[in-house]
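Chemist: Handing you a structure now.
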Amino acid sequence: MAKTISSRQWSSALDGISNLKLTTANIPFPIAGEVLVKINSVSLNYKDGETIEGLFNHHKAVSLPQSIIPCADAAGEILETGEDVTKWKKGDRVLSVSYPEYLTGKITQEMLGAGIGSSGKGVLCEYRIFKEDALVPTPAFLSDDEACTLQIAGTTAWMAMNGTRPLGSPGGKGEVILVQGTGGVSINGLLIAKASGAEVIITSGSDEKLARAKALGADHLINYRTTPDWDVEVLRATNGKGADIVFENGGAQTTAKSFNCVRFGGLINAIGYVSGKVDPADERMNINLQLIRRNATMVGMLNGPRDRFEEMLAFYERHQIRPVIDRVFSFEEAKQALQYLWSGSHFGKIVVRASS
Ligand SMILES: NC(=O)c1ccc[n+]([C@@H]2O[C@H](COP(=O)([O-])OP(=O)(O)OC[C@H]3O[C@@H](n4cnc5c(N)ncnc54)[C@H](OP(=O)(O)O)[C@@H]3O)[C@@H](O)[C@H]2O)c1
């Protein structure tokens, strides 16, 4: 007989963070191939703010329901296993996989459309059913608060560093990595790059955040507000050569400058658009022309598959890299947590603790 567990969950009608609602639902018992997970910690990504604000509309492959449970990245433990589940047992510590069908290779439109916390049910809830393949083991050395920060932000940073190299051959030694801003992707990029033996240039609009990045090992600090020509600074810091790999998180206000300071033959990862989605210099700067001008490779970066996520987790474990958490909010404070994310005043990751 099906038994049910009641779960509190946050839901959004995609009409803004201030309209998030705390509701209750029954969680069904897992059927064959499924597991029931007690969610312990959830981390927040830029995309979560965008989705709830109704601004995540640029992916044609993603059709959003009218109401969602937000957020994609969670850590928890297995409570019940369905029939035929061999991979997990009760009590196992697990991490969600943000795109549950994206297990290896390149992402397809269908896999993108199944992303959790947007078109698929998210994780900002106390209990959730997962398919057994849509989870990976939590590294033993990390707490749930730490580990839940690594799915989107960590894997994207890992892919920006290693996604174009063959699986299992991480690089970075002797390279210069430019990371823009001090959010989740950038700070994971900084941690991975330093552990890989690379040199890191980081930009931020805040001197205080730059000081924190320096304490984490950043080699060159540039405030993009007081130094609007930060691309010139990058060239100066690299003796005119430019950065080997750019984490292009800024978009409208930063892409052209990234092309100015990527090294010849370097890699620009088009990751984000925190400074705007519309390129004001569009008419003057054709992206193809810029790619050819610098003989650079620009890669559309869409998170990464499960095997690269696991590769990244093993790397974190080997180097004992601990994720950087700015603040931990209680479950009841999820709305404030998302407002804090959306204000952009955080450094690294924000976590909502789903259980005390
Ligand atoms: N393609 C993918 O798979 C993927 C995956 C993850 C994220 N993303 C995208 O990558 C971007 C960053 O994501 P996130 O989760 O790391 O965001 P986040 O944690 O919210 O951090 C955003 C940071 O961007 C920085 N920023 C704002 N304006 C900037 C500017 N003009 N130049 C440089 N930095 C600026 C700010 O850092 P300071 O305060 O230090 O300036 C801010 O803290 C977002 O656009 C997100 O949608 C894409």
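The values are calculated or read from the model by the stated rules, or taken from the named source; none is laboratory data. The structure presented is a predicted model; accordingly, all values stated were derived computationally and were not measured. Note that we place each Cβ from the backbone using ideal geometry, even for glycine, and neighbour counts take in every protein chain shown. Just so you know, the surface numbers come from the protein's heavy atoms only, side chains and all, with ligands and any DNA or RNA stripped out. Shrake-Rupley method; radii C 1.70, N 1.55, O 1.52, S 1.80 Å.
Chemist: Taking the range 243-261, which residues are touching a residue at least 60 places away in the same chain (Cβ under 8 Å) and more than 11 Å from the ligand (Cβ to nearest atom)?
Modeler: Hits for the range 243-261 are Ala243, Asp244, Ile245, Val246, Cys261.
Chemist: Does Lys87 satisfy the criteria of being basic (Lys, Arg), open to solvent by 50 Å² or more (accessible area, probe 1.4 Å) and in contact (Cβ under 8 Å) with a residue 12 or more places away in the chain?
Modeler: yes
Chemist: Here's something else I'd like to know. Quick one: is Val62 without any contact (Cβ under 8 Å) to a residue 60 or more places away in the chain, assigned to a loop (DSSP other than H, G, I, E, B) and β-branched (Val, Ile, Thr)?
Modeler: yes
Chemist: Something else: When you check Val136 against the structure, is it under 29 Å from Asp84 (Cβ atoms) and within 16 Å of the ligand (Cβ to nearest atom), yes or no?
Modeler: no
Chemist: Among the residues of the range 229-274, how many are assigned to a loop (DSSP other than H, G, I, E, B), buried (at least 18 other Cβ atoms within 10 Å of the Cβ) and within 23 Å of the chain's Cα centre (by Cα)?
Modeler: Of the residues in the range 229-274, 8 are assigned to a loop (DSSP other than H, G, I, E, B), buried (at least 18 other Cβ atoms within 10 Å of the Cβ) and within 23 Å of the chain's Cα centre (by Cα).
Chemist: Under 7 Å between Cβ atoms, at least 6 apart or on separate chains: pull out the pairs that start in the range 187-205 with a residue that is open to solvent by 10 Å² or more (accessible area, probe 1.4 Å) and modelled with pLDDT of 95 or more and end on any residue that is of a type in the set (Ser, Thr, Tyr) and within 13 Å of the ligand (Cβ to nearest atom).
Modeler: Close Cβ pairs satisfying both conditions: Gly205/Tyr224.
Chemist: Kindly indicate whether any position in the range 216-237 is without any contact (Cβ under 8 Å) to a residue 12 or more places away in the chain, more than 12 Å from the ligand (Cβ to nearest atom), aliphatic (A, V, I, L, M) and within 20 Å of His346 (Cβ to Cβ).
Modeler: No, because not a single residue in the range 216-237 is without any contact (Cβ under 8 Å) to a residue 12 or more places away in the chain, more than 12 Å from the ligand (Cβ to nearest atom), aliphatic (A, V, I, L, M) and within 20 Å of His346 (Cβ to Cβ).
Chemist: Is it the case that the range 145-161 has a residue that's of a type in the set (Gly, Ala, Ser), crowded, with 24+ Cβ neighbours inside 10 Å and assigned to a loop (DSSP other than H, G, I, E, B)?
Modeler: No, the range 145-161 contains no residue that is of a type in the set (Gly, Ala, Ser), crowded, with 24+ Cβ neighbours inside 10 Å and assigned to a loop (DSSP other than H, G, I, E, B).
Chemist: Something else: Within the bounds of the range 102-118, is there any residue that is of a type outside the set (Phe, Trp, Tyr), open to solvent by 20 Å² or more (accessible area, probe 1.4 Å), over 18 Å from Gly300 (Cα atoms) and within 15 Å of the ligand (Cβ to nearest atom)?
Modeler: yes
Chemist: Could you figure out which of (1) open to solvent by 50 Å² or more (accessible area, probe 1.4 Å); (2) without any contact (Cβ under 8 Å) to a residue 60 or more places away in the chain; (3) away from the ligand (no atom under 16 Å from the Cβ) isn't true of Lys335?
Modeler: (2)
Chemist: Which residues, taken from the range 29-51, are assigned to a strand (DSSP E or B) and either within 16 Å of the ligand (Cβ to nearest atom) or of a type in the set (S, T, N, Q) (or both)?
Modeler: Within the range 29-51, Asn40, Ser41, Val42, Ser43 qualify.
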